[in-house]
Amino acid sequence: MKKNLLDVLVAGAGPVGLTAALCLNKAGVHVSVADAKSSGVTHSYALALHPASLSMFDDLGVVEPILAESTRVVRWAVFEKGRRVAAVPVAEPGAKFPFIAVLGQDVLERVLAHALGARGVPVHWNLRLARFGQSATSVRVELDELEERVIGYAAARFDWLVRKTHELETKFLLGADGHHSLVRRQLLIDFQEHRPAEHFAVFEFDASQLAKDEAVVVLHDDGVGVLWPLPGGRGRWSFAVDPAKYPEAIREKDHDPVQVLGSGVFPALESSFFHRLLAERAPWFETPIDHIYWRMLVRFEKRLAKRFGEGRVWLAGDAAHLMGPAGIQSMNVGLREAGDLARCMTEVLRGGQELPRLSEYNRQRTDEWQTLLGSCGRLVPGPEADPAVAARVETLLPCLPASGRELALFAARLGLRFTM
Ligand SMILES: Cc1cc2nc3c(=O)[nH]c(=O)nc-3n(C[C@H](O)[C@H](O)[C@H](O)COP(=O)(O)OP(=O)(O)OC[C@H]3O[C@@H](n4cnc5c(N)ncnc54)[C@H](O)[C@@H]3O)c2cc1C
């Protein structure tokens, strides 16, 4: 990483950090990206881009490679007790992107990192933000360069050691460093829990006959189920599971906001468990499943940072909020935050705006998340909503694959509206 004074250092090369760096680079800002890991994620995790995210990637000139790797979902259906109670388009008529693009988070990260590299902004892997201190005009940052070493004698183990610590000065630090965010923790920002955590049993499978253009949400007394078609004749079912009902599935030895609890060897995630969930909650689902190739049990907390930063250090993405997986809201809202924060920082750097511009970012982000977490305002049914939808409005809110202005429009298509 170059030593001269940076405009913005982005800590974290997940989807949010990479997008922030692309936005800043497009605005002519001198930006650099550091990530503690040795490469991006290796699995799909957050797997869908809302239409608003696609418009943003279009502006950044990266939508083509994203679409080339994606499946397009145009319809979003709701089932309850075996009945299809709603089916709505995922975008407004005439939208430039009238679909949700489904692609693995690993693929998205690869496309974004490649685009950044092509624009002369390489991601510095194995470079971990260790600490920082800010003044009125800049942020002094220490970054640990990590090196993998074999340790142990009789049984070799691998561990990461600090090879060297680099010091750097930057005008802004953008913390897109995920749910464990060092940036958030060093700023002593509370990460408050707004709703109880939920456990999801997730199964990915080959199913060549699965409809490619429709995502499904199943409403059930035991929790929601969500079906997404994936590229390559694959699909993903995620079922909220109540820990009390499936105690053998739950191991909470350490407390981690997004915790992977099980894998293929875990009893509760055997294919018999998957078929039992399908039989109980989605008996209408008759698409043959050829092979389950991936499964996990994840615990998602629902948290929001008390504030999104201060002075010259700001947060975006999972560093500031956590949500369940159903509507892919955390990543997609995070992408918008990346764009908003990049715009605010650019305006301040160009001298047109003062730092209070960033307080506005804080207010808008907090308001939006309080709405999404159901802490402020309420989603209420209108007369045109199906009774099953009307009865489970609170459950549906985190499942809606939209945010901001599009969230209200999406809700309206289901006969729902927001009130204060
Ligand atoms: C197991 C799992 C399953 C998930 N499943 C779903 C799902 O089904 N649906 C869904 O919507 N979402 C899911 N998510 C959440 C989704 O992955 C996140 O919402 C998304 O990745 C947020 O992107 P981000 O860029 O904010 O943070 P992240 O993707 O977490 O990226 C943060 C980056 O910061 C880096 N970093 C951390 N600390 C430092 C440091 N000190 N210095 C430098 N770099 C640092 C990390 O290495 C990482 O690359 C899942 C997450 C996990 C972990």
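Couplings 3J(HN,Hα) of the stretch 212-221, computed from phi: 8, 10, 9, 9, 10, 10, 10, 9, 8, 4 Hz, in residue order, whole Hz [Karplus 6.51 cos²θ - 1.76 cosθ + 1.60, θ = phi - 60°; x for Gly and Pro]. Taking a point 7 Å out from the Cα of ARG72 in the direction of its Cβ, the residues of the stretch 88-114 whose backbone N falls within less than 11 Å of it are 96-101.
Highest-first packing order for the peptide set 287-299, 100-112 is 100-112, 287-299, based on the mean count of other beta carbon atoms within 10 Å.
Each residue of the stretch 223-233 was assigned a 3J(HN,Hα) from its phi angle through the Karplus expression (A = 6.51, B = -1.76, C = 1.60, θ = phi - 60°), giving x, 6, x, 10, 10, 10, x, 10, x, x, x Hz with x at Gly and Pro. Is the stretch 319-385 best put as rounded, prolate or oblate by its Cα gyration tensor, with a ≥ b ≥ c the root eigenvalues, rounded for a/c under 1.5, and otherwise prolate when a/b is larger than b/c, oblate when not? In terms of gyration-tensor shape, prolate. Per-residue packing, averaged as other Cβ atoms within 10 Å, sorts the ranges 45-58, 328-341, 10-23, 382-395 into the order 10-23, 328-341, 45-58, 382-395, beginning with the highest. Between THR137 and ARG350, the contour length at 0.36 nm per residue exceeds the alpha carbon distance by 75.3 nm. Taking a ≥ b ≥ c as the square roots of the Cα gyration tensor eigenvalues, the stretch 1-126 comes out prolate, since a/c reaches at least 1.5 and a/b is larger than b/c. Which cross-chain or sequence-distant (5 or more) residues have an amide H under 5 Å from the amide H of ALA130, H modelled 1.01 Å from N in plane? It is GLU142, LEU143, ASP144, by chain and number. Placing a label point 7 Å from the Cα of LYS81 along the Cα-to-Cβ direction, the residues of the stretch 197-220 whose backbone N falls under 13 Å from that point are 219-220. Computed over the alpha carbons of the chain, Rg followed by Dmax gives 21.6, 70 Å.
Using C-alpha pairs below 8 Å separated by at least 6 residues, the relative contact order for the chain is 18 percent. Scoring 347-355, 318-326, 126-134 by mean Cβ neighbours within 10 Å over their residues and listing the highest first yields 318-326, 126-134, 347-355.
Comparing ALA388, LEU146, LEU416 along the charge dipole axis of the chain, the residue lying farthest to the positive side is LEU146, per the Cβ-charge model.
Readers should treat all values here as calculations from the given coordinates under stated rules, not as data from a laboratory. Since the structure is predicted, the reported quantities are computational estimates derived from the model, not experimental observations. Don't worry about glycine lacking a Cβ; one is built from the backbone with ideal geometry, like all the others, and counts go over all protein chains shown.
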